[in-house]
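The structure under discussion appears below in the form of structure tokens.
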Amino acid sequence: MVVAFAHVLRGAGMDVPPGDLVNFTAALGHLGLHERRRVYWAGRATLVHRPEDIPTYDQAFSAFWLGRQGDRRRPPTPAVVALDAEDEDHPADSGDDGALEKPTVTVRYSPTEVLRHQDFAAFSTAEWAEGRRLLAALRIATELRRSRRLRPSKGRRGRPDVARTVRRALASDGEPLRRAWRSPSERPRRLVLLIDVSGSMEAYARALLRFAHAAVCARHTGSVEVFTLGTRLTRVTRPLSGRDPDAALGAAGRAVADWSGGTRLGHALQAYNDRWGNTSRGAVVVILSDGWDRGDPEELAAQMARLKRAAHRVVWVNPLKATPGYAPLARGMAAALPYVDDFVEGHSLASLEHLAAVVSGERGAEAGSAGEAIPGEGRGTP
């Protein structure tokens, strides 16, 4: 619709560069197409740059969006536009019947909405190229916590700021007419990502590491630590800190010696708690695993209890949760679930977008708590 409207405006004599169309499309993405008044002002603000183009824009908008005839005394240059929907598998006909009489605008469908809900295990090579771009565009921000540092506050909130009050009093002969205050500031919580790279998670580990790379490079995230879980624990925060996603994932893959191997979640979590447990204090800890474990479930439960006591919140991401009829009956998953605050899916782009919302503290009703995953079981120690 935007491209067709641009053809009408250009046919009427307006100069519409591609950059303005991008801005117009972004504005419509926020405002929608339901109210024509909003569509009008979105185009007026992004496509019109000269006062003398306003009458031309009004006529073109009325003809294209409202189906009304403009002023017959000053008709715009006629432009008949035909929309020809085309996809990559069924290209448009190459016949030239009427090709000289009306311009044709070819509009391709966007596979983005389809890819958002498609399982990572079913991605083709071409779909992975698009999926990598969408994963890199994820905006990840952790929830805020109160800091010990104080900052100037508006109004009478917090503690009196004596130093600033005295400095202000110098302008009024020593009389503290305007008192200053300080209140605690806020800072993002630390984010810890523990990613299972065993053989059962091979189809999802690549996408989950892409998510971890986006978290490491995000501006609105606190300090981020990334570890891989398999038969051992490997810290991959430094390899994932590069700006180039492909180079960062390649460096992380070379650092992980147990890629696509077995799974000993309890042993790996014990190594994390013993050596890196200070990073989970007050942090949001996200474990990305399907719960299949060859180790002792009691060891996993004990290490999850240690992790739960230190972390602010524990989130478990399981790609198998989206399977119809799924129940967390695996020994490792059943042992860890009582110590999990949020149990979410992780099989698609849409589920990772939801995970980003959960990490930021926007937990909706569909997030689900761990206690709701197994009906009839409480959140006590298994």
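Taken together, the values in this text are just the output of simple stated rules run on the coordinates, not laboratory data. Since the structure is predicted, the reported quantities are computational estimates derived from the model, not experimental observations. Here Cβ is always computed from backbone atoms with ideal geometry, including for glycine, and neighbour counts include all displayed protein chains.
Some observations on this one:
- Percent of beta bridges antiparallel (DSSP, the stretch 191-372, rounded to nearest 5): 15 percent
- Cα gyration tensor shape of the stretch 191-372, rounded if a/c is under 1.5, else prolate or oblate by comparing a/b with b/c: rounded
- Under Karplus coefficients 6.51, -1.76 and 1.60, residue-wise ³J(HN,Hα) of the stretch 241-255 in Hz, glycine/proline x: 7, x, 6, 7, x, 5, 5, 5, 5, x, 5, 5, x, 6, 7
- Gyration tensor (alpha-carbon) shape descriptor, the stretch 159-274, a/c threshold 1.5: prolate
- Separation in nanometres of the label points that stand 7 Å from Cα toward Cβ, at Glu362 and Ser223: 2.7 nm
- Length gained on full extension, Ser62 to Ala45, computed as 0.36 nm times the residue gap minus the Cα-Cα distance: 4.5 nm.
- Ordering Glu52, Glu186, Glu225 by the number of other Cβ atoms within 10 Å of each residue's own Cβ, fewest first, gives Glu52, Glu186, Glu225.
- If the chain linking Thr231 and Thr323 were pulled fully straight, counting 0.36 nm for each residue of separation and taking away their Cα-Cα distance, it would gain 30.5 nm.
- Ranked Leu28, Leu229, Leu240, criterion: other C-beta atoms within 10 Å, fewest first: Leu28, Leu240, Leu229
- In this structure, Ala251 and Arg139 have a Cβ-Cβ separation that, at R0 = 30 Å, corresponds to a calculated FRET efficiency of about 0.80.
- Per-residue Cβ neighbour counts within 10 Å put Tyr204, Tyr326 in the sequence Tyr326, Tyr204, beginning with the fewest.
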